[in-house]
Amino acid sequence: MSNVCNASVLLLLSSEAPYYRETADVLQATVASALATPLPFERASLNSPDLNEVLAKPYELIVAIGSNATHETLARSDRTPVLSIFTPKNAFDALRPAQSSPTDRSIAVLYLDQPLNRVIELASLLRPSAKRFGTVFGPISKEWESNLKSLTAERGISLEHAYLHHDDNPVAILRPLVQNSDLFIALPDQAILNRAIAKWILHLSFQQKVPVIGFSKAYTNAGALASIYSAPTDVGKHAGEVISAWLQNKNSLDQLRQYPRYFTISTNPAVARSLGVTLPPENQLYRNIEQQEKPLP
């Protein structure tokens, strides 16, 4: 980009949900604080009545916020560069075929998922004596099995695991897993499966006094010892930094693939007390994990 002030960026939200709006707000604020010249943003959602008119305009970049916005953007025949954010990796990978040609536009993505090494690091910090981690793989999360086994094996931890499908009895599968685990890691999968098994994971873990690591604030509130995830403020800040660097010719967005640079840890002190777990402050856990990671480019 040779002229920042002439650049225009469309923020396309999957809906008017508060978390998408907050992501967009933080993104714009991050870019504004990094650039000397104001950058003209346009915002729209898939619910906007003038969506076709908005998408027909020329832009230097389209930021698709969420899976549905990413799908809509990639499905259109257009050469405008795209940055997809707030989209899980599996959802982005599934949407790529919607692109008319793999070479006619620059497509970048900042995944919503946490890298597994970050999750394992948190689990190890909270239960350093654990020798057995448990987890259950669904249709999507089974893709992480090999990586998760490698990460736990590197630490001398065995991975107790099973597979769960929609027609399975979750209690019959989860009960022995939880019983044989020192700590249980809940992995995000299909939304319907997430809802179906979350209550059983938390119920069984409470019975067996086994701490759970979740992937959302809601998981922590419902009874997980802790969760690690990227909040809208984390996603917006990361995306804003990437866009600012791109506008100033510091890097290229072409084929950029990154996991979240920033993340949030939420803990449940009441659960920690009931489990007899010494709970470090959330900011200390964050710093410890941050120090273990190599800086992203």
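Charge tally around Val212: other residues with Cβ under 13 Å, Lys/Arg +1 each, Asp/Glu -1 each, net +2.
Note on the chain: GNM, Cα springs under 10 Å; of Ser158, Ser266, Ser77, the largest mean-square fluctuation is that of Ser77.
Relative to the Cα centre, the charge distribution of the chain, modelled as +1 at Lys and Arg Cβ and -1 at Asp and Glu Cβ, gives a dipole magnitude of about 780 debye. The angle between the Cα long axis of helix 232-247 and the longest principal axis of the Cα atoms of the chain comes to about 40 degrees, rounded to the nearest 10.
Ordering Phe263, Trp246, Ser227 by the projection of their Cα atoms onto the charge dipole of the chain, which places +1 on the Cβ of Lys and Arg and -1 on the Cβ of Asp and Glu, puts Ser227 at the extreme positive end. Surface analysis of region 120-279 yields an accessible area of 44 Å² per residue, using protein heavy atoms and a 1.4 Å probe. Per-atom-type breakdown for region 137-262 gives carbon and sulfur 51% of the accessible area (1.4 Å probe, protein chains only).
Expressed as an acute angle from 0 to 90° and rounded to the nearest 10, what is the orientation of the C-alpha long axis of helix 145-154 relative to the principal long axis of the chain? Between the helix axis and the principal axis of the chain, the angle is about 60 degrees. Local charge for Ile289 was computed over the other residues whose Cβ lies under 9 Å away, with Lys and Arg +1 and Asp and Glu -1, and equals -1. For the listed peptides 64-70, 8-14, a ranking on the average number of other beta carbons within 10 Å per residue, highest first, reads 64-70, 8-14. Put Thr278, Thr220 in order of accessible area, highest first, and with a 1.4 Å probe you get Thr278, Thr220. When each of the peptides 131-138, 254-261 is scored by the mean number of other C-beta atoms lying within 10 Å of its residues, the order from highest to lowest reads 131-138, 254-261. Using a 1.4 Å probe on the protein chains only, how many percent of the accessible area of region 4-124 belongs to carbon and sulfur? Carbon and sulfur together cover 51 percent of it.
Find the percent of Cα-Cα distances in the chain that exceed 27 Å, and round it to a whole number. Summing the P(r) tail past 27 Å for the chain gives 45 percent.
If R0 is 51 Å, the Cβ-Cβ spacing of Ala245 and Arg195 corresponds to a FRET efficiency of close to 0.85.
Relative to the longest principal axis of the Cα atoms of the chain, the long axis of helix 282-292 makes an angle of roughly 80 degrees. Counting 0.36 nm for each residue step from Gln179 to Glu154 and taking away their Cα separation leaves a gain of 6.7 nm.
The values are calculated or read from the model by the stated rules, or taken from the named source; none is laboratory data. Predicted model only: the values in this text are computed from it and were never measured. When we count neighbours, we look across all protein chains shown, and the Cβ atoms used for this are built from the backbone with ideal geometry, even at glycine. Keep in mind that these areas ignore ligands, DNA and RNA; they rest on the heavy atoms of the full protein, side chains included. Shrake-Rupley method; radii C 1.70, N 1.55, O 1.52, S 1.80 Å.
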